[in-house]
Amino acid sequence: MAIKYSELVIEHFKNPHNVGTIDKADASATEGSPACGDQLTVYLKVNPETQVIEDIKFQSYGCASNIATASIITDLALGKTLEKAKAISWKQAADELGGLPPVKMHCSVLAVDALRSAIKDWEHKHLGTQIEQNITKKNLVKELQKVIYGKVGVDIVSLKLLKYIGIDEKKNVLIELAVSKDDPFIEDLKNEINERMEKFPDVASVKISLV
């Protein structure tokens, strides 16, 4: 079945804004993985006194939605203070593009993640803030709120598909999903969950079971 894109998505895919790198960028961040299909790197140039994003560029590896959402997210962030740029949401990015197919909503999440990670990188380098990813249930759930169920384009936490999450004494993460083993999106969900858990370097393993 062909995926139907809005005219704005097609326009940003064919003529993306802010593509490239920034020489001697003040900050940068990469999110996603080519192995999972999409990757995005965002570069920032920030005024140290006003904390306004004066330049922003991106490099993308992935589909039309990946490129389009990176294009729109950099448009939205350019000229904003870091605090205002942090507030840009993946739903806002998707709406600015006239909507995304449910199966492609994860691209909007990836774009926002890359932007926020680049901002964290700037704050770490210039303000001395710490970038920490402690293994707590709260932090794990926060990451899982970014895992989109492609059938409807909503995250698994909001849909209450996440039935249980726990961490044992050996730092193995145990996850139970209310998803059938025959669900056509299950492999995508598992891949995204594993990718999200890779942000926690102390996690020993991830076990996903279906209930």
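No value in this document is a laboratory result; all are computed from the given coordinates. Everything numeric here is computed off the predicted structure, so don't read it as measured data. Here Cβ is always computed from backbone atoms with ideal geometry, including for glycine, and neighbour counts include all displayed protein chains.
Give the Rg (one decimal place) followed by the Dmax (whole number) of segment 1-111, computed from C-alpha coordinates and expressed in Å.
Here Rg and the maximum Cα pair distance are 13.6, 51 Å.
Please report the spacing between the Cα centers of segment 39-91 and segment 120-188 in Å, no decimals.
Computed from Cα coordinates, the inter-centre distance equals 23 Å.
In vacuo Debye scattering of the chain, one point per C-alpha: log10 I(q)/I(0) at q = 0.17 Å⁻¹?
-1.19
Would you be so kind as to identify which of SER205, ASN191, GLY20 lies farthest towards the positive end of the dipole of the chain, taking Lys and Arg as +1 and Asp and Glu as -1 on Cβ and the Cα centre as origin?
Looking along the dipole axis, the top candidate is SER205.
Restricting the count to DSSP beta bridges whose residues both fall in segment 137-210, what percent are antiparallel, rounded to a multiple of 5? Don't skip to the end; give the middle numbers.
Details: 7 of 13 bridges.
Percentage antiparallel, nearest 5: 55.
Picking from ALA94, ALA178, SER65, whose Cα lies most toward the positive end of the charge dipole for the chain (charges on Cβ: Lys, Arg +1; Asp, Glu -1)?
Positive-end residue among those listed: ALA178.
Loop-only check: which GluC sites (Glu not before Pro) in segment 17-117 are DSSP coil with at most 12 other Cβ within 10 angstrom?
Working: sites: GLU31, GLU49, GLU54, GLU83, GLU96; in loops: GLU49.
Of the GluC sites (Glu not before Pro), the ones in loops of segment 17-117 whose Cβ has at most 12 other Cβ atoms within 10 Å are GLU49.
Could you list LYS199, LYS24 so that the one with the fewest beta carbons within 10 Å of its beta carbon is first and the one with the most is last?
On the way: LYS199 14, LYS24 6.
Ascending Cβ contact count within 10 Å gives the list LYS24, LYS199.
Given charges of +1 on the Cβ of Lys and Arg and -1 on the Cβ of Asp and Glu, with all other atoms neutral, how large is the dipole of segment 101-211 about its Cα centre, in debye to the nearest 20?
Numbers: 18 positive and 17 negative charges, 48 e Å.
Dipole of segment 101-211, to the nearest 20 debye: 220 debye.
Taking every DSSP beta bridge that has both residues in the chain, what percent is antiparallel when rounded to the nearest 5? Spell out each step's value before the answer.
On the way: 23 of 30 bridges.
Beta bridges within the chain, antiparallel portion: roughly 75 percent.
If the limit is 30 Å between Cα atoms, which of LYS45/LYS151; LYS45/LYS207; LYS142/LYS181; LYS14/LYS207; LYS14/LYS181; LYS57/LYS146 go over it? Can you show the working numbers first?
On the way: LYS45/LYS151 37 Å; LYS45/LYS207 40 Å; LYS142/LYS181 24 Å; LYS14/LYS207 40 Å; LYS14/LYS181 37 Å; LYS57/LYS146 23 Å.
Beyond 30 Å between Cα atoms: LYS45/LYS151; LYS45/LYS207; LYS14/LYS207; LYS14/LYS181.
Most fluctuating residue of LYS170, LYS80, LYS45 in a GNM of the chain with Cα springs under 10 Å: which is it?
LYS170
Tell me, what HN-Hα J-couplings in whole Hz come from the Karplus equation 6.51 cos²θ - 1.76 cosθ + 1.60 at θ = phi - 60° for each residue of segment 102-115, using x for Gly and Pro?
x, 5, 10, 5, 5, 5, 5, 4, 4, 4, 5, 4, 5, 4
Please order ILE53, ILE3, ILE22 by the number of other Cβ within 10 Å, starting at the fewest.
Numbers: ILE53 25, ILE3 13, ILE22 18.
Taking fewest neighbouring Cβ atoms as first place, the list is ILE3, ILE22, ILE53.
Compute the angle between helix 64-77 and the longest alpha-carbon principal axis of the chain, please, reported from 0 to 90 degrees and rounded to the nearest 10.
Helix 64-77 and the main axis of the chain meet at about 50 degrees.
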